[in-house]
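Encoded as structure tokens, the structure appears first; notes follow it.
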Amino acid sequence: MPNEIIRTENLHKTYVVGDIKVHALRGINLTINKGEFVSIMGASGSGKTTLMNLLGCMDIPTSGTYILDNVNIQSMDESQLADIRNQKIGFVFQQFFLLARTTALENAELPLLYRKDIKKAKKKEMALKALDIVQMSDRLDHHPNQLSGGQQQRVAIARAIVNNPVILFADEPTGNLDTRTSLEVINCFQELHKKGITIIIVTHEPDIAKYTNRIITFRDGKIKSDVINTNRNDAAFDIKNMPLDEED
């Protein structure tokens with residue numbers, strides 16, 4: 001399909017712990033098209049984070065097929081997988097993982113450090129654009145300890161999109177945030193989705209999943225349900241007209 005960005009066929013992941021085999025994923029067949037905004041839900045241990053690790057090329061399946069943007073991932077070595085992660089994929093995590101002694105601008109620029117094909121001035125331009133998209137242009141010289149949790153997560157999102165990835169993965173991106181700040185972050189993802197970025201969010205929070213267009217629920221390593229969210233909530237407020245949260 002010309003519009004699909006992810007396809008898995010009979011994807012399995014088994015971990016061996018001593019004499020015990022843990023079947024984390026049990027035959028996942030999944031297609032995600034370009035431009036979708038998808039949430040993956042499920043209880044702890046259901047397989048949702050394992051799936052994200054595989055889709056994000058941070059792990060490899062025990063068996064099955066994974067096609068990402070028309071590339072068969074199984075045929076790649078670790079160096080090639082690293083290039084895929086750096087050039088095609090953006091990651092946002094529950095922990096912000098910002099460098100403490102580095103400014104917001106420098107944190108956003110980090111994924112570009114090893115891009116020898118991009119000049120230094122262009123790297124700065126790309127980082128500035130990413131921070132502008134997440135409404136952090138007036139915090140360029142601030143260090144993480146000068147930013148609130150929501151602001152730190154926005155910088156982390158800027159870092160994730162600075163390479164113009166084809167897909168953005170977010171693993172519990174609001175897990176450490178209060179309700180209002182969580183809505184700020186979801187607004188940010190909605191703005192990115194409007195720009196055409198494919199977004200997949202792993203979350204255990206129904207209040208977060210309801211903002212996505214498609215909800216996939218996992219149980220015991222299998223897809224329990226996969227539904228289009230016809231009752232998707234629009235953002236509670238427009239991020240462009242919302243003042244930044246106060247500094248801690």
Percent antiparallel among DSSP beta bridges (both partners in the chain, rounded to 5): 55
Cα-Cα longer than 20 Å, checked against K88/K123; K48/K224; K129/K210; K88/K194; K21/K224; K13/K224, kept in input order, equals K129/K210; K21/K224
Build a GNM of the chain with springs between Cα atoms under 10 Å: which of G90, G27, G149 gets the top mean-square fluctuation? G27
How do 96-103, 170-177 rank on mean C-beta neighbours within 10 Å, highest first? 170-177, 96-103
Please pull out the direction-averaged projected area of the stretch 4-241, using the convex hull of its alpha-carbon atoms, in nm² to one decimal place. 13.5
A correct Karplus calculation of ³J(HN,Hα) over the stretch 62-77, with 6.51 cos²θ - 1.76 cosθ + 1.60, θ = phi - 60°, whole Hz and x for Gly and Pro, returns 5, 7, x, 10, 9, 10, 10, 6, 6, 10, 7, 5, 4, 7, 9, 8
Quick calc, the stretch 4-241, dipole around Cα centre from Cβ unit charges on Lys, Arg (+) and Asp, Glu (-), nearest 20 debye, gives 320
With springs only between Cα atoms under 10 Å, which of Q74, Q190, Q153 fluctuates most in a Gaussian network model of the chain? Q74
How high is the FRET efficiency between N231 and A100 when r is their beta carbon distance and R₀ equals 41 Å, given to the nearest 0.05? 0.50
Most exposed to least, judged by fewest other Cβ atoms within 10 Å, R154, R180, R26, R159 sort to R180, R26, R159, R154
Choice from D141, D77, D59 with maximal GNM fluctuation in the chain (Cα, 10 Å cutoff): D77
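Which FRET efficiency value, to the nearest 0.05, do you get for D207 and R26 by plugging their Cβ-Cβ distance into 1/(1 + (r/R0)^6) with R0 = 25 Å?
It comes out at approximately 0.30.
Every read-out reported here was derived from the displayed coordinates using simple, explicitly stated rules and does not represent laboratory data. Predicted model, so just to flag it, every value in this text is computed and none were measured. Neighbour counts run over all protein chains shown; Cβ positions are idealised from the backbone, glycine included.
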